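As structure tokens, the structure follows; a few thoughts come after it.
Here, each number is a calculation from the coordinates, and none is a lab measurement. Please read these numbers as outputs of a predicted model, since none were measured by experiment. When we count neighbours, we look across all protein chains shown, and the Cβ atoms used for this are built from the backbone with ideal geometry, even at glycine.
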Amino acid sequence: MIRSRSIFALVLLVLGLPVGLDAEELRGTGDLGIVVERASGSLQIVDTSARRSLGRVEGLGDLSHASAVFSPDQRFAYVFGRDGGLTKVDLLTRSIAKRIVQAGNSIGGAISDDGLLIAVSNYEPGGVRVFDAATLEPVADIPADYGPSGARSKTVGLVDAPGRRFVFTLYDGGEIWIADFSGGDAPQVTKHRDIGALPYDALITGDGRHYIAGLFGEDGLAHLDLWAEPPKVERILDGYGRGEEKLPVYKMPHLEGWARAGDRFILPAVGRHELLALDAASLQEHGRVQVHGQPVFAVARPDGRQVWVNFAHPRNDTVQVVDVPSLEVIHAFEPGPAVLHLEFTPRGHEVWISVRDADKVEVYDTRTFEKLAELPMAKPSGIFFAARAQRLGL
Amino acid sequence: MAKSLSWLPALSVIAFVAWSAAAVADGAPSPERQAALAYLVRQDCGSCHGMTLKGGLGRPLLPDALAGAEAEALAEVILDGIPGTPMPPWRGQLSEAEALWIARALKQGTIE
């Protein structure tokens, strides 16, 4: 069966027809997504409406900590592997359209607002490399040199910003850089120095205004207001740990995904069993939520009414749901060992949760909390839906 | 000497009891525990050091990278962390014998 199907695919290929779909299967990709199977270097392409897997794509290298962005037409996923691999995956044909290994050690990437540039954040060699989204040919290389000796920093928190810009942070250097490609393929780079010690991740708000870097080495966050003229970095939530010794951190929190929830931002505190709530206008602390463990992802349901949280080792079998208006934990459950990631459907009616050590992804109704489906996956980690294509900073 | 030797059988019993208890709490990891430790290293240490241990936000943990360090010193780093960096202390979750087993396995490149 598989064999006859691949022969059929070969015939289609010879005829120049797209492999993997025929007229009956003609479809859009707006409700598709990918689930990263990190240990086996593969993805599963999933249909979120049918809550099922459409098939597997293999050969993507080391996918530990892998993430993805999507082309504006939502047909292609660009998958960023740990090993420097950048793989362009066709969701329709469920195949690799193009793959390069662009560095030795990488951490995520971004797509420009016009969909023409793919930027990748690299640990080794430290810096950001930019590629043509169609061909993956190199466009620009931005080494993250800092300090008088020109040491090279690992880069983190790479996002797209309006105006064909990328913003990223130097982990070792403690700087935030803006690379502006609005004038062409040679970027204008603006550097904000001394933003704080060991910024470990960053995010940009959906309106493209606020870029916020979490600091591991200090008790606060660095905030860059991209609407300010000129953009300028300020410290926010300074001293949120109130000088208390933080707990050992067994997994760095992620900031991407924390989002505006109504008039608040909710984000994970580092080394504390807490979420921090910020007033979205003043960026002052609004309140805190005591949670089950050290939060890793605190992701707002797209309507902003709820925030779903997973936790670091050894408390990573649990998910909690926070009601944003009351800042109360309203639901908690244990999907299984090693809950790594969660992704909402674009309108938030369902959420997909990867449970690595149970080798499955679970789908839940976000109102009744009822489990709707379970999909077998090999050591699943990141879940990324194609609707991200239409959202800035994802 | 003779007197101390006469204690030997009793000591052996005590030692055996202690060893059995240690095998559970603090001794050389059992094969099952070794498998669990290797999994922890790949999956959880791997979130900073890379699942293939070639480094990430944290340093590489491959044999070449660790060649200059003694296993005992590495075990201390595992147990006590490195203050001022994200490397956390694992004491409380790992025994000293387990940390040493991990350090040696990392240096030998035998973490499966």
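Just a few scattered comments:
- When only alpha carbons are used to place a centre, region A:271-289 and region B:47-112 end up 34 Å from one another.
- Here the protein assembly as shown is assigned +1 on the Cβ of each Lys and Arg and -1 on the Cβ of each Asp and Glu. Its dipole about the Cα centre then comes out at about 740 debye.
- Label-point separation in nm, B:Arg104 to B:Arg91, each point 7 Å along Cα→Cβ: 2.2 nm
- Dipole of chain A, positive end: most advanced residue of A:Ala68, A:Gly173, A:Leu203 [Cβ charges, Cα centre]: A:Ala68
- Under the Debye formula (equal points on every Cα, no solvent term), log10 I(q)/I(0) of the protein assembly as shown at q = 0.09, 0.11 Å⁻¹: -0.64, -0.95
- Partners for A:Lys98 among lysines (Cα-Cα distance below 29 Å; same-chain residues under 8 apart left out): A:Lys88, A:Lys154, A:Lys360, A:Lys379, B:Lys54
- Taking label positions 7 Å along the Cα-Cβ direction at both A:Thr190 and A:Asp207, the computed distance is 1.8 nm, reported to one decimal.
- Assigned charges on the beta-carbon of Lys, Arg, Asp, Glu; region B:30-108 dipole about Cα centre (debye): 260 debye
- Residues in region A:355-394 that a label on A:Asp303 would reach, taking backbone N under 19 Å of a point 7 Å out along Cα→Cβ: A:364-372
- Modelled spin-label separation between A:Arg235 and A:Arg99, with each label point placed 7 Å from Cα along the Cα-to-Cβ direction: 4.6 nm.
- GluC sites (Glu not before Pro) within region A:304-394, DSSP loop, no more than 11 other Cβ atoms inside 10 Å: A:Glu370
- Among A:Gly304, A:Gly126, A:Gly241: highest mean-square fluctuation, GNM of chain A, C-alpha pairs under 10 Å: A:Gly241
- Fluctuation leader among A:Trp352, A:Trp227, A:Trp308 - chain A, Gaussian network, Cα springs under 10 angstrom: A:Trp227
- A cut-off under 11 angstrom between Cβ atoms defines the neighbours of A:Ala378, and their net charge, with Lys, Arg +1 and Asp, Glu -1, is +2.
- Projecting the Cα atoms of B:Cys45, B:Ala73, B:Thr85 onto the charge dipole of region B:30-108 (Cβ charges, centred on the Cα centre) puts B:Cys45 farthest toward the positive pole.
- Calculated FRET efficiency for the pair A:Glu370/A:Leu26, C-beta based, R₀ 30 Å, to 0.05: 0.40
- If only the Cβ of Lys and Arg carry +1 and only the Cβ of Asp and Glu carry -1, the dipole of region A:166-312 around its Cα centre is close to 420 debye.
- Dipole of the protein assembly as shown [Lys/Arg +1, Asp/Glu -1 at C-beta], most positive-end residue of A:Gln320, A:Gly59, A:Phe216: A:Gly59
- Principal semi-axes in Å for region B:30-108 [√(5λ), Cα gyration tensor, largest first]: 17, 14, 13
- Overall form of region A:146-242 per C-alpha gyration tensor (a/c, 1.5; a/b vs b/c): oblate
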